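As structure tokens, the structure follows; a few thoughts come after it.
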Amino acid sequence: MRWSWFLLSLLAVAALAEDASPEEEDEEVVAEAGPCNPETCKLPDCRCSSTDIPGNLAPRNTPQFVMVTFDDAVNVINIETYREVLSGRRNKNNCPVGATFYVSHEYTNYALVNEIYNNGSEIALHSITHRTPDEWWQDATVEDMKREFADQLLIMQQFGNIPRDAISGLRMPFIQMSGNSHFQMMKETGLTYDCSWPTVSFINPGLWPYTLDYKSTQDCLVAPPCPTASIPGTWVVPMVTWRNLANPPAPCSFVDACPSAPGLNDEDGWFRFIVSNFERHYLGNRAPFGYFVHEGHLSSNPAVKRAFIRFLDMINNLHDVFMVNTKDVVEWVKNPVPVNEYIRQQCKFPRHAPCFPNTCGNLRRSDSEKEYWMTVCGSCPRTYPWVNNPLGR
Ligand SMILES: *[C@@H]1O[C@H](CO)[C@@H](O)[C@H](O)[C@H]1NC(C)=O
Ligand SMILES: [Zn+2]
């Protein structure tokens, strides 16, 4: 009896000593998440990971959201495609459509970021460096994530004149998850949602966005490690994967990384392929449908681009389908209303942000011989903005 008590106290001392060791500190801030109980985890600020429709709506009363997202640098090479696809486009409720841009900093033109923002699309974060190898992101610490994302917020405000409160989301480069690190950074920085986590298992019915207050039941097959900590109020917008035409069908997180898709010259095949993936959502539990892609897939493949535009024309004519910014999907999930109420809401317009463009160069970063030209709103930085010197001072 006394012996075992002695052992126990030894263990307790060992545990205390471990708690105090400095290298552990980063991990110790967070508590492991416990199982989710829908009775205690309630909207608007908490939601268990689930395929249930928010607000217990019937599928036919649920708005079908479509999230079109583009990743990486925004510049004169790709802006023409964005203008062609998005300019003047409206949903059936006559509100302008939105797409979400996960912007990485290198080679980005901030006057064009400003144009995209002012036209009603969403500017979100995709890191300053987008560095390789992708394993770097897997092992990243909370501090690493602050240098890549919290500091990118400063770049967006300073050079794109994007209001701080307009930016709420991020996607990890290579959709490589970092365990808890980037979610912990989001909480400390005031970012609301992540859209980097594909689900292969929860596609029919599809997984709806949820918070990390409690343990997620989402599969982590694509790019582990996934978060295990309780990080209250932080939202996951799952990347519900598509199914390709292989037998058996295989999952794709990005439309442009989908082997065994129709031939790149086959416009009709691509249209049917897109619609068949869309219908799994629209005729199912109406979980938000993602068209996650990089601009090059459209500009390099005119037939695919035509099929994509046909698809957008089709959904923009459906009274219960809405192509909106990802942050607006999260807002709806927090406060779900049926379609007939949703279509009566006022359209969302951005608070206008002026831009007086300047092209700056040659700019260098301290760690590289590379030279850059960079177009910004307002005055030029002294050096090329980069990690540890986001304002290029
Ligand atoms: C933004 O709106 C302007 C004015 O309507 C239009 O000329 C431009 O093509 C739009 N840009 C994008 C990226 O949609
Ligand atoms: Zn990327």
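The values are calculated or read from the model by the stated rules, or taken from the named source; none is laboratory data. What you see is a predicted model; the values in this text were computed from it and never measured. Here the Cβ positions follow ideal geometry from the backbone for every residue, glycine too, while neighbour counts run over all protein chains shown. Accessible surface areas use protein heavy atoms only, side chains included; no ligands, DNA or RNA. Shrake-Rupley method; radii C 1.70, N 1.55, O 1.52, S 1.80 Å.
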Next on the checklist: Show me the helices of the chain, taken as full DSSP H stretches, that run 15 Å or more along their long axis by Cα and average 0.0 or above in Kyte-Doolittle hydropathy.
Outcome noted: 2-20, 302-315
Item to check | Solvent-accessible surface (1.4 angstrom probe) belonging to Asp165, in square angstrom, nearest 10 | outcome: 120
Checklist entry - Taking the Cα-to-Cβ direction at Val76 and at Asp134 and moving 7 Å from each Cα, how far apart do the two end points lie in nm? => result 3.2
Checklist entry - What FRET efficiency, computed as 1/(1 + (r/R0)^6) with R0 = 25 Å and r the Cβ-Cβ distance, is obtained for Ser299 and Asn56, rounded to the nearest 0.05? => result 0.05
Checklist outcome for this item: Cys in the chain lacking any partner Cβ under 4.7 Å -> Cys195
Checklist entry - How many nm is it between the label spots at Ser260 and Thr228, if each spot is 7 Å from the Cα in line with the beta carbon? => result 3.3
Checklist outcome for this item: In the chain, taking the dipole from +1 charges on Lys and Arg beta carbons and -1 charges on Asp and Glu beta carbons about the Cα centre, the listed residue (Cys41, Leu112, Ser366) farthest towards the positive end is Leu112
Checklist entry - Stretch Glu341-Asn317 to full length: gain in nm at 0.36 nm per residue minus the Cα-Cα span? => result 6.8 nm
Checklist outcome for this item: In Å², rounded to a whole number, the accessible area per residue of segment 264-393 with probe 1.4 Å is 49
Item to check | Descending Cα extents along the principal axes, segment 51-104, whole Å | outcome: 44, 26, 10
Next on the checklist: Taking a cut-off of 18 Å, what percent of all Cα-Cα pairs in segment 46-192 are separated by more than that?
Outcome noted: 61
Next on the checklist: Could you tell me which residue out of Ala58, Val329, Asn388 lies farthest along the dipole of the chain toward its positive end? Charges go on the beta carbon: Lys and Arg +1, Asp and Glu -1, centred on the Cα centre.
Outcome noted: Ala58
Checklist outcome for this item: Given the candidates Cys355, Val376, Trp197, the one whose Cα lies deepest towards the positive end of the charge dipole of the chain, counting +1 at each Lys or Arg C-beta and -1 at each Asp or Glu C-beta, is Cys355
Checklist entry - Taking Rh as the Kirkwood radius, which is the inverse of the mean 1/r over Cα pairs, what is the Rg/Rh value for segment 165-307? => result 1.00
Checklist outcome for this item: With a 1.4 angstrom probe the carbon and sulfur portion of accessible area for segment 35-125, in percent, totals 48
Next on the checklist: If each DSSP helix of 4+ residues adds -39,500 (n - 2.57) and the sum is divided by the residues in the chain, what number results at 222 nm, nearest 500 deg cm²/dmol?
Outcome noted: -8000 deg cm²/dmol
Checklist outcome for this item: Answer in debye to the nearest 20: the dipole magnitude of the chain about its Cα centre, from +1 Lys/Arg and -1 Asp/Glu charges placed on Cβ, is 1480
Item to check | Solvent exposure ordering (accessible area, 1.4 Å, most first) of Leu154, Leu57, Leu298 | outcome: Leu154, Leu57, Leu298
Item to check | Stokes-Einstein D for the chain, Kirkwood Rh over Cα pairs, 37 °C, 0.692 mPa s (µm²/s) | outcome: 148
Checklist entry - Using +1 on the beta carbon of Lys and Arg, -1 on that of Asp and Glu, and nothing else charged, what's the dipole of segment 326-392 about the Cα centre, debye to 20? => result 140
Item to check | Inter-part distance where segment 354-393 and segment 300-341 are each reduced to a Cα centre, Å | outcome: 35
Checklist entry - Between Ile309 and Tyr107, 0.36 nm times their residue separation minus their Cα-Cα distance comes to what? => result 70.0 nm
Checklist outcome for this item: Short to long, in 5 Å steps from zero, the percent of alpha-carbon pairs of segment 308-372 per bin is 3, 11, 13, 15, 11, 9, 8, 10, 9, 7, 4, 0
Next on the checklist: Please list Asp72, Asp139 from largest to smallest accessible area, probe radius 1.4 Å, with all protein chains kept in place.
Outcome noted: Asp139, Asp72
Checklist entry - Got a sec? What order do Lys42, Lys327 fall in by accessible area at 1.4 Å, biggest, i.e. largest, first? => result Lys42, Lys327
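Quantify how much of the Cα-Cα distance distribution of segment 183-262 extends past 15 Å, in percent.
Here the tail beyond 15 Å accounts for 59 percent of pairs.
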